[in-house]
Each structure stands twice: as C-alpha cells, then as structure tokens.
Amino acid sequence: MTDLSRRLRVRALLDAYFPILLGAAILLALVFGFWLFQVYAVDEVRTEQRTLVQWSDSTELEHSALIVNESVPFEAGQRVENRPIYYTTVSDDLDISYRYEHTADTELDVSTDIFLRVRSVSDDDIFWEVTEPRASVESESIVAADSHTAEASVNIAEVRRTIAEIESQLGTEGSIEIAVVATTAVDGTVDGQAVNRTHESLLRLDVSQTSFRVVDAETIDEEYTSTDTVETTQDASLLEMLASLLAFSGSLTVIGTLVFLRLRGYVELSEEEAELLEVYQQEQEFSEWITTGTFPSERDYEATIVVDDLEGLVDVAIDTNKRVIKDEQLGVSTVLDDDYAYLYIRPDSPASEWLFNQADTTMEELD
C-alpha cells in the first residue's frame, strides 16, 4: 500500500463515519465536561460512621500497711504504701483503699462491697472457697467530679489461721488463692439509656510465715460508646483534577479537528481521488492478473485503445488471455495484444495528457 492509497483510505473512512465520529466526540465532551464540573465545582460529600465516647468509668485499688514494730528500716507508726512486699514481723494488717469514678453527665447510684476470698484451686477446678465481708458502702449518688471510695483491712495472721484450720479439716489438695474483692453496683440513666452494671476489682495476695505481698491487681477502665453518622466534604485529588481537565480538553480538540477538516474539505474525496481509491481497491482485487512493468517510449503497435477503468482493462486481459502490465512510474496499466495496446491511465498519471493525445492521433489514423 502506497502512502497516497493509505491517506485516501483514511480520508474515505473519515468521510463515511464522520457523523458517528463527531457524535461520539460530542458525547465524550459532555461526559468529560460533567466530570470536570463535578471535580471543580461540586464538593465530594462522604458519609462516615464515627464512634463517639459517651462516658467511661474506672476503678482503682491501692494498698498499704502500718508499721507496728520498730525495725532498722522502718519506724513504728510509719505507713508504707503500695510496696512489693510487706513483713509480718513489723505489720499485722494489709489496708486496702478502693475508688470508683465515672465521667457521665448525670448522677449515678453506686454501692460497693469488699470481702476477703480464700479458696483452693487446681487449674479451673475450685475445691473449696470461703468469703468474709470486710467493708460495705451503701448506695450514694455520684457525679463526674466526685469519687466513690471504700476502705477495708485484712489481718494476715487471721488469714493464715483460717487456711490452716480448713486444711486440717480437708487436707492440702490444690493451691491456695487469696484475694481481696471489691464488687461495685452502678445504677442510673445516661443519655436516656438505663445503666445497670456490676464491676468486680480484686487484689491477689501471697501470704507466707514471714511476709505478704500483692501479686496481681485487676481493675476496670471501660468506655461506653455510640455510633453517629457524619457527613464530610473532601476536595478532589490533584490527579483527578488533571485527568478530568485533560479528558475534556482532548474531546474538544477532537471536535474542533473534525469540524476543521470537514470545513476545509480535507475529509471529502474529489472525483479524481475517489477514482484513485477505486483503482487501488481494484488492483488489490485483480492483483493476480496484474504485472508491474514499464510502458515503452515508442509505440510498436498499430493502434492504442484507452479503456475507462481498470476493471475493464482486466476484462480485456481475461478475454485475450494476457497479463496486465502496470507502470508505476507513469501511472499506466496496459494489455498488449498482437495488434492493439489497451491502456488504462490513472487520473494522477504524469503522462496522462501525452498519452491521451497519442491515443487520439492513433484513432484518427484508424479512421
């Protein structure tokens, strides 16, 4: 395919599908224009589910011991607090201070019971358990700025005697677990919702003949939340802004180019160009009958006959059982018979005027 034939085919396709191409370009321009408007003029609204903390409550357990016997490290009457270990030779009791607080914007009724729990356990099995009350604070209304407190004390010698008595009765199966447990009941209404909860906090103790210590503490720190739907606006990204602008500009460019080509006549084919394109298509169709060659500069035949189109020349070749010789430089195709030269002259042939004159002269000679 020559460059000329390729250009003609492209222009022919543009001419045939021009309304479709123009319509598609306009439709794309509308779509991209709406996208551009959405990106630059309309804020993107997003709906999010946000978790809001309505209120919270928490507990705290502290421990201390009063020094009752004088020693080198400690003075009698001194109170030691939150120590990793206490000694039975200088202190008799473990004192516990319990505190409950909340952040609700209303009053809540709070009551607390503190008790000593001693039991024998093995893995998840409880062999025996005894509880002894140590303190009880009746219900009171507590606001966020206040604290609900309770105090209790555990005599370590009594704990050891209780364990020894039970083991003398039941044996020593399992491990002994000692804990000071604070149970708090909370009642009220927060933001129209009823509140009725019970919290358990505890201190686990390890008691020996010479010392006692707090080995673990469990307190609560809970938040009570609600879900709210929030709408937020978000600007378009730089990539989306550039992409929408380029897409819209590109569609307008395509529309402008198509209209310009149509108005300037670059799309429609002239009669000569349409014939050239038809010649190309016929050459492809009848390629098996056409041989490329060179037209002679002097006529060796008595008569020259010019045919109107290449298809007619191919018919002559078929009838005479001859080849079609194509001179690409002159733009001429010929069938050479014994007596005649049958010519088809392309519209863009540089020798068309001379060839037509020669053909006319020959025809006059025949007449």
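The values are calculated or read from the model by the stated rules, or taken from the named source; none is laboratory data. This one's a predicted model, so the numbers in the text were calculated from it and none came from an experiment. FYI the Cβ positions are ideal-geometry reconstructions off the backbone, even for glycines, and counts take in every protein chain you see. For accessibility, only protein heavy atoms count, side chains too; no ligands or nucleic acids. Shrake-Rupley method; radii C 1.70, N 1.55, O 1.52, S 1.80 Å.
Here the spin labels are modelled as points 7 Å beyond Cα on the Cα-Cβ line, and at S97 and D315 they lie 12.1 nm apart. Structural descriptor for the stretch 47-149: relative contact order 26 percent, calculated from alpha carbon pairs under 8 angstrom and at least 6 residues apart.
On the beta carbon distance between E223 and L22, with R0 = 51 Å, the FRET formula returns roughly 0.20.
Sorting E165, E218 by accessible area (1.4 Å probe), largest first, what list results? Spell out each step's value before the answer.
Numbers: E165 110, E218 80 Å².
The residues order as E165, E218, largest area first.
Each residue of the stretch 203-218 was assigned a 3J(HN,Hα) from its phi angle through the Karplus curve 6.51 cos²θ - 1.76 cosθ + 1.60 (θ = phi - 60°); the sequence is 10, 8, 10, 10, 10, 10, 5, 10, 8, 8, 8, 8, 9, 7, 9, 10 Hz, with glycine and proline shown as x. Each semi-axis of the equivalent ellipsoid for the stretch 47-86 is √(5λ) with λ an eigenvalue of the Cα gyration tensor; in descending order they amount to 47, 9, 6 Å. Note on A157 and T253: the model spin-label points, each 7 Å out from Cα along the C-beta direction, lie 9.9 nm apart.
If the chain linking D123 and A164 were pulled fully straight, counting 0.36 nm for each residue of separation and taking away their Cα-Cα distance, it would gain 12.6 nm.
Rg and Dmax of the stretch 173-218, based on Cα coordinates, read 16.8, 54 Å.
Note on A145/L242: beta-carbon distance plugged into 1/(1 + (r/R0)^6) with R0 of 45 Å gives a FRET efficiency of 0.20.
Compared with the direct C-alpha span, the chain from E75 to L30 gains 7.1 nm at full extension, assuming 0.36 nm per residue.
For the stretch 56-154, the extents of the C-alpha atoms along the principal axes are 51, 39, 21 Å, listed from largest to smallest.
For the stretch 110-214, the Kirkwood hydrodynamic radius from C-alpha pairs, put into Stokes-Einstein at 25 °C and a viscosity of 0.890 mPa s, yields a diffusion coefficient of 155 µm² per second. Backbone N atoms of the stretch 113-141 closer than 15 Å to the 7 Å Cα→Cβ label point of D187 belong to residues 113, 137-141.
Just subtract the alpha-carbon distance of S208 and V53 from 0.36 nm times their residue separation and send over the number in nm, one decimal.
On the way: separation 155, 0.36 × 155 = 55.80 nm, distance 4.45 nm.
Result: 51.3 nm gained on full extension.
Only residues of the stretch 92-126 count here: report those whose backbone N is under 15 Å from the spot 7 Å along Cα→Cβ of E62, or say none. Zone members listed by number: 95-101.
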